[in-house]
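Working notes for the structure below.
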Amino acid sequence: MLYFIKGKIFLKTPTYIVIENNGIGYFVEVSIQTSEKLEEGQETFLYVYQQVSEERINLYGFRDKEERELFLLLITVPGIGPKVALRILSGLTIEEIYQGIVSEDVSVFKNVPGIGKKTAERMIVELKQKVEKIPILVDNYKERELLINATEALIVLGYKRKDVSGILMDIIKEKKNNITLENLIKEALRRLS
């Protein structure tokens, strides 16, 4: 199983690239988000997911490790295969997907081709607990711990997870890692009232 590929971009389109590595051109499907960060003729490094089926082997590439992690989570949802997962990652930022799942907001996914209301609801149910445990939006361990602990404390106080997650993320971003758990909860309660 491949984990990453490093080489020169031989050909680039919005949905796939051909990357040359040791004289071999690898066809790698990418999201629009990843494609926008790449330049034809440039040396690059991509995290990859390799899908093997009876007919073919597909490679899916990601500029960021977080995008790959979210892709791997998305394809665990029944009805969402690699192509649909790439569509989701092309139509929305990692932050938008995360916020949509955590806040249980189905409308976030309405503009993604191939994602109807039922699929979006299934995705939210399947990924809600999983997505909070990976560092997609929260850059370091301390911030991730703050977010998880503050969320749990506010739920105990009677607030809904979907109401507090966005507010907590905003506060953490504003304070740039200079906030205690106690102050984070106080600030969130102030904003929630």
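The values are calculated or read from the model by the stated rules, or taken from the named source; none is laboratory data. Here the structure is a predicted model, which means the values were calculated and not measured. Neighbour counts are summed over all protein chains in view; Cβ atoms, including those assigned to glycine, are modelled from backbone coordinates with ideal geometry.
Count of segment 172-185 residues, restricted to those that are within 19 Å of Asp105 (Cβ to Cβ) and at pLDDT 85 or above, is 0.
Restricting attention to segment 46-95, the residues that are of a type outside the set (Ser, Thr, Tyr), out of contact with any strand residue (DSSP E or B) (no Cβ under 9 Å at 6 or more places or on another chain), outside the structural domain of Val28 (by TED's automatic domain parsing) and more than 18 Å from Ser35 (Cα to Cα) total 6. In segment 104-119, the residues that are surrounded by 12 or more Cβ atoms within 10 Å (Cβ to Cβ) form Cβ pairs under 8 Å with partners that are among the hydroxyl-bearing types (Ser, Thr, Tyr), at six or more places apart or across chains, as follows: Phe109/Thr119. Filter segment 83-100 for residues that are in a helix (DSSP H, G or I), crowded, with 16+ Cβ neighbours inside 10 Å and modelled with pLDDT of 85 or more and give the result. Once the filter is applied, which keeps residues that are in a helix (DSSP H, G or I), crowded, with 16+ Cβ neighbours inside 10 Å and modelled with pLDDT of 85 or more, segment 83-100 yields Val84, Ala85, Leu86, Arg87, Ile88, Leu89, Ser90, Gly91, Ile97.
Taking segment 52-74 as the range and being part of a loop (DSSP other than H, G, I, E, B) and either touching a residue at least 12 places away in the same chain (Cβ under 8 Å) or among the aromatic types (Phe, Trp, Tyr) (or both) as the test, the residues that pass are Arg63, Asp64.
The set of residues in segment 13-34 being crowded, with 18+ Cβ neighbours inside 10 Å and within 24 Å of Val112 (Cα to Cα) consists of Ile17, Val28, Glu29, Val30, Ser31, Gln33, Thr34.
When segment 1-43 is filtered for residues that are closer than 24 Å to Ala85 by Cβ, part of a strand (DSSP E or B) and out of contact with any strand residue (DSSP E or B) (no Cβ under 6 Å at 6 or more places or on another chain), only Lys12 remains.
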